[in-house]
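Read the structure below first, then the notes.
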């Protein structure tokens with residue numbers, strides 16, 4: 001059986017200071033997660049001036065409950081949709097020129113600093129020949145003559 005009273009009452013100033021510390025760490029990390037729990041600790045710290053909490057566990061439960069509610073309710077509104085767009089890597093852009101090579105009877109093309117397995121292997125091409133990469137998908141490159 002779990003009993004209350006294992007943790008002494010936490011002073012209001014300590015809760016508020018810990019809340020501001022979490023918000024400060026959030027500024028460094030930018031996760032948009034610690035900030036909500038920091039706000040929860042600050043709210044409970046301010047409430048401790050008015051409400052008489054009996055145990056420290058109750059203070060922490062309220063603080064993290066407030067933080068959780070704020071996290072799930074406001075996270076999508078704080079994070080802009082424009083920040084979530086997918087970045088296009090230069091490695092996967094096609095249309096450039098690569099160099100054809102043969103490794104263990106498998107045709108490879110060296111393109112943008114990476115060796116890609118050729119999806120449509122050439123019948124009569126030479127090793128070292130320059131080719132145009134038209135598509136990259138599933139770690140394979142589709143090529144055509146330059």
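The values are calculated or read from the model by the stated rules, or taken from the named source; none is laboratory data. Remember, it's a predicted structure, so these values are computed and weren't measured experimentally. Every residue, glycine among them, receives a Cβ derived from its backbone with ideal geometry; neighbour counts consider all protein chains shown.
Observations on the model:
- Where a residue in the range 19-31 is under 17 Å from residue 74 (Cα atoms) and in the same structural domain as residue 59 (by TED's automatic domain parsing) and its partner, wherever it lies, is assigned to a helix (DSSP H, G or I) and modelled with pLDDT under 95, with Cβ under 8 Å and at least six apart: 23/34; 23/35; 26/34; 26/35
- Residues of the range 120-146 that turn out to be surrounded by 11 or more Cβ atoms within 10 Å (Cβ to Cβ), free of Cβ contacts under 8 Å to residues at least 40 places away in the same chain and more than 32 Å from the chain's Cα centre (by Cα), as a count: 10
- When 42, 16, 58, 10 are checked against the criterion of being surrounded by 14 or more Cβ atoms within 10 Å (Cβ to Cβ), in a loop (DSSP other than H, G, I, E, B) and either in contact (Cβ under 8 Å) with a residue 24 or more places away in the chain or in contact with a strand residue (DSSP E or B) (Cβ under 7 Å, 6 or more places away or on another chain) (or both), a single residue qualifies: 10.
- Residues satisfying the stated conditions in the range 93-109, i.e. surrounded by 14 or more Cβ atoms within 10 Å (Cβ to Cβ) and either touching a helix residue (DSSP H, G or I) at 6+ places or on another chain (Cβ under 7 Å) or not in a loop (DSSP other than H, G, I, E, B) (or both): 98, 99, 100, 101, 102, 107, 108, 109
- Of the criteria (1) surrounded by fewer than 16 Cβ atoms within 10 Å (Cβ to Cβ); (2) in a loop (DSSP other than H, G, I, E, B); (3) at pLDDT 80 or above, which one residue 87 fails: (3)
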